[in-house]
C-alpha cells in the first residue's frame, strides 16, 4: 500500500501539500493512518506539469522523509497540476523506474494497490501493452504495466473508457479459473489539463480515497492531510472523480463495460 | 534513537541475528518496540572481524528492510565478532560516513543516543579529537566524534578508562553553565578480540540495553530479538558489559572518574 | 560495453583481482583500454560462491571507483569462484537489478555486449523465458533475459548446449527480415563448480576476452589486468573457455547448432 | 578537479547550458578536456534562484551523465541565476552534503580546486568559520569550509573583500613553515542578484575559467561549451569577474590584501 496526492488548480508551489500540512504526504511516508503499511519508505516520486507539454518527474529510492532534495524542489517548483507518491513496495524492487508517478508522452499516472498474484499474472498484463508502447516499460511493476495497458487501450483519446476496459480485463484475469485473487486499483491519471482518479477493487476492499474542493482547486488524496475531516469527502468504492479543464468536478460510479459487448 | 546488536562468540553467519530472528534487527528497522523512534530507516551499517586485523564495513543510506545486498551479505559473511546498526537520525545528514559502525584501525564503535544540543557542543567535542586522529573524521555525527575522542583519550591501551574519561568530559559539557542538556550514550566498542558495551545517560533516561549469554556466545542488543524475555538480561542504567577474550563476561557499574582528580 | 573478470581456483580474497592489480577492474571502471566506452561508471556488481550453495551478490548503482563498501568487501570476502563486473549501460536504466552478475538458483551469469535493437527485439527474447523462470526477471536488461533464456533452454543440465541453442535463436532474430542488427555476446556462466566463458558476435566485432592459467587457478577477463601481455591468452572470436571442476581448461570453437535440425 | 558553469541573465530553463550544448556540463562529466581529471563522476549538483529568496539545490552522489532526474529538472526549472557542478573528488567522501553548490541563507557557492594538504590544514580552515555559522557545515569538504569562512569574514556585506581576505589567509596557511602546498581556487559566488567568479592559485597553476557575454546574459564556465572558441574569453589567473545587478560585467585583477594591514 502506498499513499499519494493529486492536485489541480491555481499554480502553487508543490510544498503546499507535499511537505507543509500537519499530516502531509511526507509525514505519511513515516506514519500513515489509513494504510495497512504504516511506513511508506520504499522510494517516492513527484510529477508536475509546467511550461513543457510533458511532465517533469523526480523519483528517488530513499524515503521521502529524509530527502533534502525533495524539500528544495517542493519549495521551488510550482505547478497547476501535480502528483506525489510515497511507496510501500508489494514485492517489486526498490528502483527509480519502479517509483510512481509514471510518465509517457504528456500522460502521467500513479497507483495505490496491486494486481492479484503479480508473478502469476505479469505476463498476461504485459501482453496488454501494444508493441509501440512496450519500449516505454522501463520498470517491472504491475502499476506501470497497467498504465501502459490503459494507454494501449485508447487512453489518449478516451481515458475513462480505456481505464474501464482495462479494469474489466484485469478483473477477468483475477477471477479466471475460480482463483479469485485480489485486485486493488486506487489511481490517478492526468494529461496536463484534465485529472482523473479511480477507486476500485475486485475480491478485496478498495484502498481509501478522499477529495477536497475549494474554489477552482481540487485535491485528491489517499488520506486527509489535516484533522478537518469535514472538508474531505470520501470517494466511495467503485467510483471515480473526473475533473476536466474548465468544468465542474464530477463524482461518478465506475461501471465496468460488459467485456463481451465492449470488444 | 537507533537500534543495534553486537555479537561475540563462535564464528557464525551474520544472518543468524541480523535478519533471521522474529524480531531481528532488520524487523526493528521497520518497527522497533522500545524506541522513541519506531522507524529506524535513516541508513544502516554492519561491521565485522574476519581474517584481516581491521574490520570490514558495509554501510548504506537506504533502509535496512529493503536492501537486497544486506540479505546476501548476511548469508555469506561469517564472523566471531560483529556489529549491526539501524539508524534514526537525530539531525545529521543521511550519508554513508554518518552511518554506524565507525572503524579506525582495528577498533570499531557504534552508538545509540545523542550528545546534548549538538550544534552548540559540536566544536567542543571535536576539540577532544587529537590532530593525528582528526583525518579519520569523515562524517559529521556526534557519535563518530565521541569515538575518536575515546581513541584520543587512550582508548587503544585502556578502552574502559578512556571511555569513562570521555563520558566525564561530555557530562561536564552538557551540565556547563547550568544548561542541563541530555546526554545519552548506549554504545559498543570492540577491537576484534574484546567487546565492551555501555549504558549511560546524564539529564535523561538511558537508552535500553540487554544481553544474553549462551555458552561462550554473547549477544548485546538494544531490545530483545525474540519473545523469550527470560533469556535477556537488562543492563541497568550506568552499567557496562565487559567481555574480554577468554574471560567471563562481567557486568559492572560505570563510575565516572572525578574529572579534577583524573586529569 | 562493460568490463568483467571471472575467477576460479584456490580460495582467495576478492581484492586480489578486483582492486589490487595495476589495471584492476576498478581501475578499468574509470579508464578501460580495449573498450569503446572508456568509462564504465553505470553501476557494478560482484558475485561469489562460498559455503552456501547459492552465490552472494553485491550490486550498486554508483561507480565502482568510489564505492568504499566495495573495498571493504573485496578485502574480507574470500571465494574459489567469483565474478565482478563494471557496467557501461547500452540504454537500460541504472538500477541494481540491471547490474551484473545475475543469479538464479545456484547459477550466476554476466555479460558484455548487446542484443541488436533491444527495444525492437525485447519481446521476442523475453518470450524465450519459460513461465516458471519469468518471476526471476527482476530487471529489464537484454543480458538478464538472455541468462534466463539459457536456463530455460536446459542450462542447468546442459549449460554449453543451452547457451549455443540460445545464441542460435538470437542470431536468427538479429538476422530476420534482412535487418542485420549487431549481436555481441562475451559472457561468463558458473554454477559454483564449473566456469564457462563465451566470445561470440553476429554482424559485428566480438568484444575482447582473455584468460590466464596459473596452476589450478584460472582468470578470464575483458582485458589484461597488468602489462605482462605474455601471460594473457586471447580467446578468439567464436570460441569458448570450459573449466569443469577437476578437469583441464579447454578452449573450443563455439559452433551454433543448425536451428532447423536442433528443434 | 571539477567542472562547473554559472549563468546570470534572462530567465531560461537550466537545460540550455547544463544538458543541451555539444560540450555541455553533462558531457564534460564523462569527458572533460581541460581538466586533469577527465571523468567528473563523483556526484554533481545544481543550485538556482527563483521566487524564493533562498536558492534551490539538487545534489546527488551518482554521476550526472546517467541521472534521469537531472534531465527532467533541467527541462522544467527556469532561473535567471543558476550554478551547476560535476565533481571529481580530491579525497573527501562522495556524499550529497559534499557535492557543490553549497547554500547558506541567500548565498550560494561552488568551487573547483583544493586547499593544500587538506588533512593537515582542515582544522585551521575550519577555525576560520565563526561559531554562528559552524552549524551550517553539514559536509566535510575544503570547499564548504572556505565558503563559510568567506561568509564569516563579512561576505554578506562585502563579498569581494571577504573572499580576498580569506584567500590571503589560505595563502598564508599553504606557505607557512616553508611547506609550499598548492592552493587552487576557481570559484563562483552569488546572492540571487550579483554573481562573482574568481580564478586564483598559490604554488600551482590556476584551474581554467572562461566567460561569454551576450547582451545582458553572462555565462562563466570551467571550459567552453562549444567549439566556437572566439566567443569565450579566458579569465586570466589572478583575476575575477564581477557581475553586479544592473551593471556592466567587470574583469578585474584579484589583489590580495596585505594581511597584516587588513586585520
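The values are calculated or read from the model by the stated rules, or taken from the named source; none is laboratory data. What you are looking at is a predicted structure, and each value in this text was computed from that prediction instead of being measured. A quick note on method: Cβ atoms are made from the backbone with ideal geometry, for glycine too, and the neighbour counts reach across all protein chains shown.
Worth a mention:
- Single unsatisfied condition, residue A:51 versus (1) crowded, with 21+ Cβ neighbours inside 10 Å; (2) under 20 Å from residue A:107 (Cβ atoms): (1)
- The residue of the stretch D:164-181 that is surrounded by the fewest Cβ atoms within 10 Å (Cβ to Cβ), among those that are in contact with a strand residue (DSSP E or B) (Cβ under 7 Å, 6 or more places away or on another chain) and in contact (Cβ under 8 Å) with a residue 60 or more places away in the chain, is D:171.
- Scanning the stretch B:97-108 finds no residues that are free of Cβ contacts under 8 Å to residues at least 24 places away in the same chain and over 24 Å from residue C:52 (Cα atoms).
- Criterion: in contact (Cβ under 8 Å) with a residue 24 or more places away in the chain and within 27 Å of residue A:40 (Cα to Cα) - qualifying residue of A:195, A:151: A:195
- Boolean, residue A:11 is in a loop (DSSP other than H, G, I, E, B) and touching a residue at least 12 places away in the same chain (Cβ under 8 Å): no
- Restricted to the stretch A:76-96, and to residues there that are buried (at least 24 other Cβ atoms within 10 Å of the Cβ) and within 13 Å of residue A:15 (Cβ to Cβ), the residue that is farthest from the chain's Cα centre (by Cα) is A:82.
- Set A:111, A:106: member being in contact with a helix residue (DSSP H, G or I) (Cβ under 9 Å, 6 or more places away or on another chain), modelled with pLDDT of 95 or more and away from chain D (no Cβ under 13 Å): A:111
- Checked against (1) more than 18 Å from the chain's Cα centre (by Cα); (2) surrounded by 21 or more Cβ atoms within 10 Å (Cβ to Cβ); (3) at pLDDT below 95, residue A:32 passes all but condition (1).
- Test: residue in the stretch D:150-160 that is in contact with a helix residue (DSSP H, G or I) (Cβ under 9 Å, 6 or more places away or on another chain) and within 26 Å of residue C:69 (Cα to Cα): no
- Only a single criterion out of (1) buried (at least 23 other Cβ atoms within 10 Å of the Cβ); (2) free of Cβ contacts under 8 Å to residues at least 12 places away in the same chain is not satisfied by residue D:68, namely (1).
- Condition check for residue C:66: within 13 Å of another protein chain (Cβ to nearest Cβ), farther than 20 Å from residue C:188 by Cα and at pLDDT below 95: yes
- Filter result (within 14 Å of residue A:221 (Cα to Cα) and within 14 Å of chain D (Cβ to nearest Cβ)) within the stretch A:76-99: A:81, A:82, A:83
- Screening the candidates B:57, B:73 for the property of being within 13 Å of chain C (Cβ to nearest Cβ) and surrounded by fewer than 24 Cβ atoms within 10 Å (Cβ to Cβ) yields one hit, B:57.
- Answer from D:125, D:115, D:61, D:86 - the residue that is in contact (Cβ under 8 Å) with a residue 24 or more places away in the chain and over 29 Å from residue D:224 (Cα atoms): D:125
- Matching residues, the stretch D:13-43, being within 12 Å of another protein chain (Cβ to nearest Cβ), within 22 Å of residue A:77 (Cα to Cα) and touching a strand residue (DSSP E or B) at 6+ places or on another chain (Cβ under 8 Å): D:13, D:14
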